[in-house]
Amino acid sequence: MVVTKDQPTTNTYLLDWVEEMERLCKPDDVYWVDGSDDENKRLTEKSVSDGVLIPLNQTKRPNSFYSRSNPNDVARVEELTFICTPTKAEAGNTNNWMSPDEAYAKLREISSGAMKGRTMYVIPYIMGTADSPFAMIGVEITDSLYVVLNMRIMARIGKLALDRLGDSSSFNRGMHTVADCDPSRRYICQFPQDDMIWSVGSGYGGNALLGKKCLSLRIASYHGHKQGWLAEHMMLLEAVSPEGETHFIAGAFPSASGKTNLAMLVPPPEFAGWKIRTIGDDIAWMRVGDDGRLYAVNPEAGFFGVAPGTNQHTNPVAMKMLERDCIFTNVALTPDMDVWWEGMDGPTTDLIDWRGKPWKRGSKEPAAHPNSRFTAPMDNNPALSRYAKEPRGVPISAILWGGRRSTTVPLVLEAFNWTHGVYLGATAGAETTAAITGAVGRIRRDPMAMLAFIGYDAGAYFAHWLSMFGRMTHPPKMFLVNWFRKGDDGRYLWPGYGQNMRVLKWIIDRSVGRAGAEETPLGYVPGVADLDLRGIDTSPDAIEGALRIDRAEWEKELEAHGDWFDRLGGTVPDALRLQRRLLLASLKAVS
Ligand code: OXD
Ligand code: MN
């Protein structure tokens, strides 16, 4: 190792690793990212001159840029994501597994010489605020300027991370190269025991911004299991009542099921005086505090959200947040160089679609890719909670498990107790859409919305969730929610979006023992009279339909949970298997 004046650290663990990767990847040069504004300006200019980013209309959307990815590289690739533990059993039945030796050999081979003609960027970063005792430090090596500029929005990067790291060996090593962006040589590998991530062949967000899914969920969940805390795929919001009572709510929903919209909810006019403020929209790390409550932090510094469907009705807060300082990926462009996506307000004329081709209204293909994204700094959110950067997080009153279910699952169902709540999370599912598989309407079980993100065995993960109860004196209540139930005519029964405030209010009231509910064999549901429905223009029939529990549907559902547990294997805790049998027997007893 040779320390030169370009290297902003004397940390030999870091310098040795960077040097090793430099020798392997053979970049033309190595650049250490310092995170300053000045540097950001320079790198942004370079990204424009290199064609990585296209400036948007700077009058309409100041300091905002556009990027188009390789059309073969537009989403996370679960089938190419691996947990590389010494044994397959440690990765469990929900993860792809590769032995560390095999994975390292493959990754070295693909990375060898992969940065010739390119710059290797070294990005030291912190997930969490710089003053948080729970923050995790990572260093991402990448050959993508797009990654550098997005990481700058999504994490705290540069000098502050090196300062916090000092001479410690304790940091996550994240190696990333787009290489030749060949889907047959694309691997997203996590090595939890080595605190290492190695991602090759993709420049897409979740595969390439290594602080997000790879570190803050897969690796962090592994650490959390060992250390007694939870890393979860959850939005976090602050709700303040007109009387000034504050509650914090965490909610796990599968990707693209409205977490961002919920975290930025604007209450309907009948709820004047209520305020919903955002803490996070994707990731929560949760630990038990000294007072026996469960505290959550959002380790991210920005929002990497799905653009299509975002508009003044579904998420006015996001529309405001997106007015400046953002990077948009794979959306469509208007003739005056502004952005557009399906579901956006306003007329569409001739656009350039996400592939760079002319697009006209009425065209069969969408103009924006369905997984097109915005990257927005947290501080742009006009409804950001003042607790969003609280170093020790906020105490949670309720946890929501959500999914997209057109049948069976009521608008909201409160768990009887912690074990039942964990059961509801472990069996939560969502319907597949045509965009994911051919089999539309099949239920994909997505436990705690973490199917793609649990860094170890799913059964052990459930056991860990169950064990957290023993650490708390004031555990949050748990609720299953479903905004997506449909009537016989195929229409949504519940209006969703801002109207979800009515459900949140019931949840808050239940968590402090204030609201009524009906007990069913499956949990507590609100009666129509228990919800605050003042001014809603949804028919009473539709609301009853949204709240209904259909015995026959639930018998089938509980049978399907049994199949799900069988697929997961022998590590599923007895408490959950017995819970299933108890629910089924209770249901049958009253049928
Ligand atoms: C996701 C995301 O895919 O947040 O879940 O990007
Ligand atoms: Mn997500």
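Within the bounds of region 27-38, is there any residue that is over 28 Å from residue 189 (Cα atoms) and open to solvent by 80 Å² or more (accessible area, probe 1.4 Å)?
Applying the first criterion (over 28 Å from residue 189 (Cα atoms)) to region 27-38 yields 36-38.
Next cut, open to solvent by 80 Å² or more (accessible area, probe 1.4 Å) only: 37-38.
Yes, that holds for at least one residue.
Of the numbered conditions (1) part of a helix (DSSP H, G or I); (2) touching a Lys or Arg at 6+ places or on another chain (Cβ under 8 Å); (3) not polar (S, T, N, Q), residue 35 fails exactly one; give the number of that condition.
The one condition residue 35 does not meet is (1).
Scanning for something within 17 Å of residue 328 (Cα to Cα) and not in a loop (DSSP other than H, G, I, E, B), does region 58-65 turn up at least one residue? Show your work before the answer.
So the first thing to find is which residues in region 58-65 are within 17 Å of residue 328 (Cα to Cα), and the list is 58-65.
Pick out the ones that are also not in a loop (DSSP other than H, G, I, E, B) and you get 65.
Among the residues of region 58-65, at least one is within 17 Å of residue 328 (Cα to Cα) and not in a loop (DSSP other than H, G, I, E, B), which makes the answer yes.
Can you name every residue in region 430-483 that is in contact with a Lys or Arg (Cβ under 6 Å, 6 or more places away or on another chain), modelled with pLDDT under 95 and more than 16 Å from ligand 1 (Cβ to nearest atom)? Working first, answer last.
Step one: filter region 430-483 for residues in contact with a Lys or Arg (Cβ under 6 Å, 6 or more places away or on another chain), giving 430-432, 453, 455, 474, 482.
Now restrict to residues that are modelled with pLDDT under 95: 430-432.
Passing the criteria: only 431.
Under the condition of being open to solvent by 10 Å² or more (accessible area, probe 1.4 Å), within 15 Å of ligand 1 (Cβ to nearest atom) and of a type in the set (A, V, I, L, M), which residue from region 297-312 is nearest to residue 345 (Cα to Cα)?
306
Looking only at region 277-296, filter to residues that are open to solvent by 10 Å² or more (accessible area, probe 1.4 Å) and touching a Leu at 6+ places or on another chain (Cβ under 8 Å); which one of those is nearest to ligand 1 (Cβ to nearest atom)? Spell out the reasoning first.
First pass over region 277-296, keeping only residues open to solvent by 10 Å² or more (accessible area, probe 1.4 Å): 277, 282, 287-291, 293, 295.
Next, only the ones that are touching a Leu at 6+ places or on another chain (Cβ under 8 Å) stay: 277, 287-288.
Working: 277: 20, 287: 22, 288: 26 Å.
Across region 277-296, the extreme among qualifying residues is 277.
Identify the residue in region 237-276 that is open to solvent by less than 10 Å² (accessible area, probe 1.4 Å) and touching a Ser or Thr at 6+ places or on another chain (Cβ under 8 Å) and, among all such residues, is nearest to ligand 1 (Cβ to nearest atom).
Filtering region 237-276 for residues that are open to solvent by less than 10 Å² (accessible area, probe 1.4 Å) and touching a Ser or Thr at 6+ places or on another chain (Cβ under 8 Å), the one nearest to ligand 1 (Cβ to nearest atom) comes out as 263.
Looking at (1) more than 20 Å from residue 477 (Cα to Cα); (2) more than 16 Å from ligand 2 (Cβ to nearest atom), find the lone condition where residue 292 falls short.
Answer for residue 292: the failing condition is (1).
Filter region 354-375 for residues that are touching an Asp or Glu at 6+ places or on another chain (Cβ under 7 Å) and surrounded by 12 or more Cβ atoms within 10 Å (Cβ to Cβ) and give the result.
359, 366, 367, 368
Restrict the check to region 397-419 and report whether at least one residue is in a helix (DSSP H, G or I) and either open to solvent by 20 Å² or more (accessible area, probe 1.4 Å) or at pLDDT 95 or above (or both).
Looking for residues that are in a helix (DSSP H, G or I) and either open to solvent by 20 Å² or more (accessible area, probe 1.4 Å) or at pLDDT 95 or above (or both), one finds at least one in region 397-419, hence yes.
Restricting the search to region 296-320, which residues are within 16 Å of ligand 2 (Cβ to nearest atom) and hydrophobic (A, V, I, L, M, F, W, C)? Step through it out loud before you land on a result.
Start the filter on region 296-320 by keeping residues that are within 16 Å of ligand 2 (Cβ to nearest atom), which leaves 296, 298-310, 315, 318.
Once the filter is applied, which keeps residues that are within 16 Å of ligand 2 (Cβ to nearest atom) and hydrophobic (A, V, I, L, M, F, W, C), region 296-320 yields 296, 301, 303, 304, 306, 307, 318.
Is region 193-207 home to any residue that is within 22 Å of residue 20 (Cα to Cα), surrounded by fewer than 19 Cβ atoms within 10 Å (Cβ to Cβ) and more than 16 Å from ligand 2 (Cβ to nearest atom)?
yes
Answer yes or no as to whether residue 317 is modelled with pLDDT of 95 or more and open to solvent by less than 10 Å² (accessible area, probe 1.4 Å).
No.
Going by the structure shown, is residue 187 open to solvent by 10 Å² or more (accessible area, probe 1.4 Å) and within 16 Å of ligand 2 (Cβ to nearest atom)? Reasoning before the result, please.
Details: open to solvent by 10 Å² or more (accessible area, probe 1.4 Å): yes; within 16 Å of ligand 2 (Cβ to nearest atom): no.
Here the answer is no, as residue 187 does not meet what is asked.
Checking residue 480 against (1) farther than 19 Å from residue 406 by Cα; (2) open to solvent by less than 20 Å² (accessible area, probe 1.4 Å), only one condition comes out false. Which one?
(1)
The values are calculated or read from the model by the stated rules, or taken from the named source; none is laboratory data. Please read all numbers here as calculations on a predicted model, not as lab measurements. Every residue, glycine among them, receives a Cβ derived from its backbone with ideal geometry; neighbour counts consider all protein chains shown. Please note that ligands, DNA and RNA were not included when accessible areas were found on the heavy atoms of the full protein model with its side chains. Shrake-Rupley method; radii C 1.70, N 1.55, O 1.52, S 1.80 Å.
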